[in-house]
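Bear in mind that the values in this text are calculations on the coordinates, not laboratory data. Bear in mind that the values here come from a model prediction, so they are computed numbers and not experimental data. We place every Cβ from the backbone using ideal geometry, glycine too, and count neighbours over all the protein chains shown.
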Amino acid sequence: MAKIIDGRATAESVYAGLRSEIAELKTRGLTPGLAVVLVGEDPASRSYVRSKDKMCRELGLHSVKLELPAATTQRELLGCVDELNRDRAIHGILVQSPPPGHIDEAAIIRALDPEKDVDGFHPLNVAKLALGDPTGFVPCTPLGCQRLLAEAGIVVRGSHVVVLGRSMIVGKPLALLLMQKGAAADATVTVVHSQSRDLVAITRSADILIAAIGRAQFVRGEHVRDGAVVVDVGINRIDDANASRGYRLVGDVAFEEVAEKASAITPVPGGVGPMTIAMLMANTVKACRLRNGERTA
Ligand code: NDP
């Protein structure tokens, strides 16, 4: 049976480090500030925004939560981004995805000050990740996966990592991050997606398999070689008449079946999810440090 990689415990240890960093920044009169903007009523997005705001407050960060009506126009949203770009108390800005259909999300991301783009989606930050420039912001979920592997003592250097999924939020930046030179990186990375041939043969050759495809329990025992490490990024709702809400959350990995073969595995919930918020907090602290002329790792 696989060792369970505990994302909640790892996130707690990240917060312990951040608390002392934040305390030290405050002695110098600096309080990192994060603004989270939500447009519309999507219940999952509302709940993500609430947890981000709550975490900011728990850590003693300055937190601004803007909940705008679904009818907010592109122009109004751009105006809001512009104001936050100019607000000196704000170091990080996140516009919760997905916005309503009439909003051009890519244009909103391009309008963000790249130095406040703690989600790491602005083209300048994507380029910095590709270049290996440490002054950029790496998207929070890939960063969380890397940190989780590092803290669990998984050897990434020289390993064959197979990333299932090529989105700009998870798969692509994760592949760039793990193939970079450096700690918890230096991997040989293969990316597979919906058009890949011989998917099972490729995933079975992975030392570390990372699933980010948004298909409930897609990865089965047959996809995994004995002893591989499996990281499950997926968050999917499946109907469950026994659950109070009528559904439960599962990952992209069939947990029980795969845990029989893997040497280590992340659960859903309690794996990558808590690390994503922890990395958002870490990126906000980094943004504050960079603005104040500090170099960061
Ligand atoms: P996207 O839908 O943007 O991308 C999914 C990717 O998976 C695409 O590249 C797609 O290929 C590929 N894919 C889909 N079906 C298959 C298939 N049958 N075989 C092979 N590849 C396939 O999803 P995201 O990257 O945004 O999210 C992935 C999952 O991670 C979701 O469950 C999401 O909820 C979760 N997530 C979790 C986070 C966390 O904090 N834990 C944060 C962000 C996301 P193609 O490009 O060819 O279409």
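Tabulated results
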| quantity | calculated |
| --- | --- |
| Sequence-distant residues sharing a close amide H with residue 39 (under 5 Å, placed H) | 68, 96 |
| Share of pairwise Cα separations in segment 110-223, more than 22 Å, in percent | 33 percent |
| Structure-based [θ]222 nm, the chain - -39500 (n - 2.57) summed over DSSP H runs of at least 4, per residue, nearest 500 | -12500 deg cm²/dmol |
| Range of Cα positions in segment 1-137 per principal axis (Å), largest first | 45, 44, 33 |
| Proportion of all alpha-carbon pairs of segment 181-225 beyond 16 Å (%) | 42 percent |
| Span from the segment 125-175 Cα centroid across to the segment 1-21 one, whole angstrom | 17 Å |
| Quotient of Cα Rg and 2.2 N^0.38 Å for segment 231-297, N being how many residues it contains | 1.60 |
| Additional length obtainable on full extension of the chain from residue 3 to residue 244, 0.36 nm per residue less Cα span | 83.8 nm |
| Semi-axis lengths (Å, descending) of the ellipsoid that matches the C-alpha gyration tensor of segment 128-175 | 18, 14, 11 |
| Spherically averaged projected area of segment 144-297 from its Cα convex hull (nm²) | 10.3 nm² |
| Qualifying trypsin sites (Lys or Arg not before Pro) for segment 1-45 [loop in DSSP, other Cβ within 10 Å: at most 12] | 28 |
| For residue 247, residues with placed amide H under 5 Å, excluding near neighbours | 240 |
| Size-normalised alpha-carbon gyration radius of segment 174-249, reference 2.2 N^0.38 Å | 1.32 |
| Centroid-to-centroid separation of segment 218-297 and segment 46-83 [C-alpha atoms, Å] | 24 Å |
| Tail weight of P(r) past 36 Å, computed on alpha-carbon pairs of the chain, percent | 16 percent |
